[in-house]
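The values are calculated or read from the model by the stated rules, or taken from the named source; none is laboratory data. A quick note: this is a predicted structure, and the numbers were derived from the prediction, not measured. All Cβ positions, even for glycine, are placed from backbone atoms using ideal geometry, and neighbour counts span all protein chains on display.
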Amino acid sequence: MKAILSILNKNEMFSIEELFRQLNEFDEISVCSDIIVALSDINKGNVDIAVFDLDLFKKNVMETLSCIKDVHTENPNVRFVLLADNDDDVMISAALRFGIDCVVTRPYENGQLLSKAVELCASRFEEKRENDPNRNIYVEKLVSSILSNTGILPNLKGYKYLKEAILSGYNDRASLERITKTLYPDIAARNMATTDRVERAMRHAINTAWVKCGGNNFYSRLGMEDLYGSRKPTNSEYIFAVIEYLDNNIY
């Protein structure tokens with residue numbers, strides 16, 4: 001996937017660029033300080049998500065928003081995220097009518113912005129799933145998006161192990177009947193780790209995300225908040241919940 005960032009503050013743009021590079025989904029991330037040039041690049045290439053700063057076009061808001069609407073019409077698959085200040089209510093309302101998919105207001109946490117981005121990318125994948133020629137790639141990208149969107153980011157070692165466990169379980173349901181005896185050891189062997197280390201890394205990733213997300217936002221994301229209530233999921237419960245989500249959303 002390709003992302004393009006157009007942010008006024010260079011430090012903020014660098015921070016967001018580094019944040020996006022943590023995700024395995026993005027093959028290319030480009031930055032551009034000129035919003036019009038960025039829109040032109042979207043028309044030329046297969047951009048999946050654009051993060052724009054409202055401060056870059058406040059002097060010509062309606063004209064720029066009209067350009068965004070035209071670009072969105074020509075490229076309906078691209079997703080637009082707008083960064084704005086809390087006091088920009090009027091312009092934010094206009095932006096949402098002109099093709100902006102979501103708005104993130106300052107001050108924001110990096111996790112909040114990343115969560116919005118991966119959620120939009122996941123929705124894009126879901127819209128394309130029936131026509132996707134490579135189902136395995138689609139499933140892998142969707143799992144990556146779900147993990148990140150539930151607070152489990154790639155910088156956590158448990159992210160890789162959980163992703164492998166979910167994909168293995170989704171493709172081989174028999175392995176789910178022997179998670180601790182077969183699935184964990186298989187993942188450990190592929191990563192030159194011990195079974196205990198794999199299990200602990202998964203548990204640490206879930207615990208970290210649980211605290212960061214403020215509880216059961218994971219279940220709300222998957223529409224399963226009634227399954228475990230406010231109780232933190234175990235490793236196997238997390239794996240089963242994501243696989244059930246995949247079963248309900250991939251055809």
Scanning the stretch 53-62 residue by residue, the ones that are of a type outside the set (A, V, I, L, M) and modelled with pLDDT under 85 total 4
Condition set crowded, with 16+ Cβ neighbours inside 10 Å and touching a residue at least 60 places away in the same chain (Cβ under 8 Å), scope the stretch 237-249, selection nearest to residue 142 (Cα to Cα): answer is 246
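Would you confirm whether any residue within the stretch 65-79 is touching a residue at least 60 places away in the same chain (Cβ under 8 Å) and either of a type in the set (Ser, Thr, Tyr) or crowded, with 20+ Cβ neighbours inside 10 Å (or both)?
Step one: of the stretch 65-79, the residues touching a residue at least 60 places away in the same chain (Cβ under 8 Å) are none.
Among the residues of the stretch 65-79, not one is touching a residue at least 60 places away in the same chain (Cβ under 8 Å) and either of a type in the set (Ser, Thr, Tyr) or crowded, with 20+ Cβ neighbours inside 10 Å (or both), which makes the answer no.
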Across the stretch 52-85, the tally of residues that are hydrophobic (A, V, I, L, M, F, W, C) and in contact with a Ser or Thr (Cβ under 7 Å, 6 or more places away or on another chain) stands at 4
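Would you confirm whether or not the stretch 53-66 contains a residue that is over 21 Å from residue 155 (Cβ atoms) and of a type in the set (Val, Ile, Thr)? Step through it out loud before you land on a result.
First, pick out the residues of the stretch 53-66 that are over 21 Å from residue 155 (Cβ atoms): 53-66.
If we keep only those that are of a type in the set (Val, Ile, Thr) too, we end up with 61, 64.
Yes, there is a match, as at least one residue in the stretch 53-66 is over 21 Å from residue 155 (Cβ atoms) and of a type in the set (Val, Ile, Thr).
Going residue by residue through the stretch 35-44, is there one that turns out to be closer than 19 Å to residue 145 by Cβ and either buried (at least 20 other Cβ atoms within 10 Å of the Cβ) or free of Cβ contacts under 8 Å to residues at least 40 places away in the same chain (or both)? Spell out how you get there, then give the answer.
So the first thing to find is which residues in the stretch 35-44 are closer than 19 Å to residue 145 by Cβ, and the list is none.
Within the stretch 35-44, not a single residue is closer than 19 Å to residue 145 by Cβ and either buried (at least 20 other Cβ atoms within 10 Å of the Cβ) or free of Cβ contacts under 8 Å to residues at least 40 places away in the same chain (or both).
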Those residues of the stretch 60-88 which are more than 22 Å from the chain's Cα centre (by Cα), outside any helix (DSSP H, G or I) and closer than 23 Å to residue 17 by Cα amount to 85, 86
Of the residues in the stretch 65-100, those that are more than 21 Å from residue 12 (Cβ to Cβ), at pLDDT 85 or above and in contact with a strand residue (DSSP E or B) (Cβ under 8 Å, 6 or more places away or on another chain) number 1
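Residue-wise test of (1) in a loop (DSSP other than H, G, I, E, B); (2) charged (D, E, K, R); (3) modelled with pLDDT of 70 or more.
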{"position": "117", "(1), (2), (3)": "no, no, yes"}
{"position": "121", "(1), (2), (3)": "no, no, no"}
{"position": "125", "(1), (2), (3)": "no, no, no"}
{"position": "128", "(1), (2), (3)": "no, yes, no"}
{"position": "133", "(1), (2), (3)": "yes, no, no"}
{"position": "137", "(1), (2), (3)": "no, no, yes"}
{"position": "141", "(1), (2), (3)": "no, yes, yes"}
{"position": "146", "(1), (2), (3)": "no, no, yes"}
{"position": "152", "(1), (2), (3)": "yes, no, yes"}
All-but-one check, residue 8 against (1) surrounded by 14 or more Cβ atoms within 10 Å (Cβ to Cβ); (2) part of a helix (DSSP H, G or I), failing number (2)
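Take the residues of the stretch 213-235 that are part of a helix (DSSP H, G or I) and surrounded by fewer than 16 Cβ atoms within 10 Å (Cβ to Cβ): which is modelled with the highest pLDDT? It would help to see each step written out before you state the result.
We begin by selecting, within the stretch 213-235, every residue part of a helix (DSSP H, G or I); these are 217-221, 225-228, 235.
Narrowing the set further to residues that are surrounded by fewer than 16 Cβ atoms within 10 Å (Cβ to Cβ) leaves 220, 225-227.
Details: 220: 65, 225: 61, 226: 60, 227: 59.
For the stretch 213-235, the residue satisfying everything is 220.
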The condition from (1) free of Cβ contacts under 8 Å to residues at least 40 places away in the same chain; (2) not in a helix (DSSP H, G or I) that residue 47 misses is numbered (1)
